[in-house]
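The values are calculated or read from the model by the stated rules, or taken from the named source; none is laboratory data. From a predicted model like this one, the values you see are computed outputs, not experimental measurements. Because the Cβ atoms are built from the backbone with ideal geometry, glycine has one as well, and the counts that use them run over all protein chains shown.
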Amino acid sequence: MPGKKTDKRIYTLSEEKPARAVVRMGVPLIAGMFIMVLYNLVDTYFIGLTNDDYQLAAVNLAYPVMMVMVAVSNMVGTGASSLIARCLGAQDNEKARQTLTAGFALTVVNSLIVTAAGLIFLPAIVRGLGAQDNTFVYTGQYVRIILIGSVFTMGNYSFGQFLRSEGSVNYSIVGMIVGTIVNIALDPLFIFAFGMQIRGAALATVIGNAAGMGASVFFYLRGKTLLRPSVRYMIPKKNILGQIYWVGIPASLETMLSSAAFIVNNNLAVDYGELTVAAMGIAQKLLSLGNYIYQGFAAGTQPLMGYNYGAGNFRRMKDILRAGVCIVTGTELFLMMACGAFAPFFVGWFTETQEVIDIGAKALRSLMFILPFVGTVSMCRMSFQAMGKPVYAFCITLVRQLILYIPLLLLLDKLFGFSGLVKAQPVTEAVMMTVSLALLCRFITRSERERSQAADKP
C-alpha cells in the first residue's frame, strides 16, 4: 500500500494490480469524457430544436476545425505528457517540472497561431469543409467563433493531459465537468433567448472550454498537483523541446489525418444530399459515446505504460496491456449491441425529420461494428506514444487512415453507394486491431530483452 497520501498516484502507476489500475485511471476519464461528449451532443441537440436541418449539417461540417485544434494541442499535450510520465518513472522530477512549464507556454503560443491563420483563410476553410449554398453561411459563423476562442479549447485539452500524466486523473475530469455544465447552461440561453442560433452554440462551447481550462489552472495555482509550472522554465530548453515535439508532431499528424478522413467522408456524403450529412453527423456523435469509452481507457493506460517503461518494468507493461484490452473490448461489445437495438430511438433525440432518422439509424448500425476493434488500436497507439516511440504510433495511423480507410471510403462508396461508405471504417478497424497489437507486443518483448542484455554486460 502507498505510504503518504500524496503518493497514491505514484502507487497506482507503479504497483497497483493491472486491471484495477486500468479501471482506476480509465473510469474517471470515461466519466469525464461522457460529460465532455455533451459538448458535441448538446450543440447538436439544441440546434436540432430549431428545426433547421441545414444548421444541423453545418455543426457537423465544422467539426473538423475542432479536430484540427485538438491535433495542434495534441502536439504539445501528448509530447509533454509522455515525457512527464517517463521522467516521473525515472525519478527525475525536476525535468518533469521543466516539461510541464514548457507545455503551458507552447499551448498558448500555438493557439494564437491557429486563431490568426484560421481567420485569415476562413472562406477557403469553410468551402474546403464541404459547405455548400445552404450551409456555407452557418458553417462560417460557427467556425469563426470557435477560432477566436481556440486558446480556451486547446488549453482545456492540453492541461487535462498534463494532469493525467502525473496520475491526477480526478483533477483532470473536473475541467471537463465544469466546462460541459457551463456549455449546457449557456446553449439554450444564447441559441433561443438571445436569438443567436448557431452562433450561440459556438459561443457557449468557447465559454465552456474557458471555464474548463480555468479549473485546471486553479489546481496548479493552489498546489494540488505533484508538479507545478515555474516562471524560471518558461523558455524551454532545446533538449526538452526536441523530446516534446519528437512525440508530439506524429501525434498531431495522426489527428490531422483523422480530420482529413472525416472531411473526405463528409464530401462523399454530400453527394447523397445535405440531409445525409446531418444524419451522418448524428450517427458519428452518438458513436462518440463508444469512442470516449475506449479513449478513456487508452488515455488512462498511457501514463501507466509511460511510467513503467521509464522504470524498466516490462512485465507490468504486458499485464497492463492484457488487462486493458480485455476491459475495453468487453465494454465496447455491450455498447455495440445497444446501438444496434435502439438506433432509430437514439437518432430521434436530435431530429424529427423521418428521412434523417432513417439514414442516421442505418449509418449508426454499420458504424457500430468498429467498437470491438478500435479500442485495442487506440490503446496500442497511445502506448507507443507513452514510451516515446512516436514513429510506431504514427505508422499505425498512417496505415489506418491513408492506406486502408480513405481508399476503402472511395472504393466502397463507388461500388456499393452509401452502404459501402459507412462500412469502410469497421473493415479498417478489424484489420488494424491485429496489426497494432502484434506490433506492440513484439516491441515490448524486444525492449525487455535489450534492457536485460545491457544490464548483464560488465
Can you tell me which residues in region 215-230 are surrounded by fewer than 18 Cβ atoms within 10 Å (Cβ to Cβ) and in contact (Cβ under 8 Å) with a residue 12 or more places away in the chain?
V217, K224, R228, S230
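Test of understanding: among L129, L163, L203, which residue is out of contact with any His (no Cβ under 9 Å at 6 or more places or on another chain), under 24 Å from Q98 (Cβ atoms) and not small (G, A, S)?
The match here is L163.
For region 427-435, does any single residue satisfy the condition of being within 25 Å of L253 (Cβ to Cβ), acidic (D, E) and touching a Lys or Arg at 6+ places or on another chain (Cβ under 9 Å)?
So in region 427-435, the residues within 25 Å of L253 (Cβ to Cβ) come out as 427-435.
Now restrict to residues that are acidic (D, E): 429.
Add one more test, that the residue is touching a Lys or Arg at 6+ places or on another chain (Cβ under 9 Å), and what stays is 429.
The answer is yes, given that some residue of region 427-435 is within 25 Å of L253 (Cβ to Cβ), acidic (D, E) and touching a Lys or Arg at 6+ places or on another chain (Cβ under 9 Å).
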Within region 318-352, take every residue that is farther than 18 Å from S366 by Cα and touching a Leu at 6+ places or on another chain (Cβ under 8 Å) and give me the one that is surrounded by the most Cβ atoms within 10 Å (Cβ to Cβ).
F350
If I go through region 356-369 residue by residue, how many of them are crowded, with 24+ Cβ neighbours inside 10 Å and either of a type in the set (V, I, T) or farther than 27 Å from G417 by Cα (or both)?
2
Which residues, taken from region 65-109, are charged (D, E, K, R) and in contact (Cβ under 8 Å) with a residue 40 or more places away in the chain?
R86, K95, R97
So, first residue at positive phi in region 176-198, second residue modelled with pLDDT of 90 or more, Cβ within less than 8 Å, six or more apart or across chains; the pairs are Q197/I191
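Quick grid of which residues meet (1) touching a residue at least 12 places away in the same chain (Cβ under 8 Å); (2) assigned to a helix (DSSP H, G or I):
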{"site": "S111", "(1), (2)": "yes, yes"}
{"site": "A116", "(1), (2)": "no, yes"}
{"site": "P123", "(1), (2)": "yes, yes"}
{"site": "Q132", "(1), (2)": "yes, no"}
{"site": "I146", "(1), (2)": "yes, yes"}
{"site": "G155", "(1), (2)": "yes, yes"}
{"site": "S172", "(1), (2)": "yes, yes"}
Of all residues in region 299-317, which are part of a helix (DSSP H, G or I) and surrounded by fewer than 24 Cβ atoms within 10 Å (Cβ to Cβ)?
G310, A311, F314, R315, R316
Within region 391-414, can one find any residue that is over 30 Å from T276 (Cβ atoms) and surrounded by fewer than 16 Cβ atoms within 10 Å (Cβ to Cβ)?
yes
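Do the conditions hold for V182, that is, is it farther than 26 Å from L119 by Cα and of a type outside the set (G, A, S)?
On the way: farther than 26 Å from L119 by Cα: no; of a type outside the set (G, A, S): yes.
No.
Here are F373, F418: which of them is farther than 21 Å from Y292 by Cβ and aromatic (F, W, Y)?
Exactly one of F373, F418 is farther than 21 Å from Y292 by Cβ and aromatic (F, W, Y), namely F418.
On the given criteria, is T50 buried (at least 24 other Cβ atoms within 10 Å of the Cβ), hydroxyl-bearing (S, T, Y) and at pLDDT below 85?
Numbers: buried (at least 24 other Cβ atoms within 10 Å of the Cβ): no; hydroxyl-bearing (S, T, Y): yes; at pLDDT below 85: yes.
No; evaluated as a whole, the condition is false for this residue.
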Can you name every one of the helices (runs of 4 or more DSSP H) wholly within region 355-425 that holds 1 or more residues which are acidic (D, E)?
406-416
From the list L241, L289, which one is surrounded by fewer than 19 Cβ atoms within 10 Å (Cβ to Cβ) and modelled with pLDDT under 75?
L289
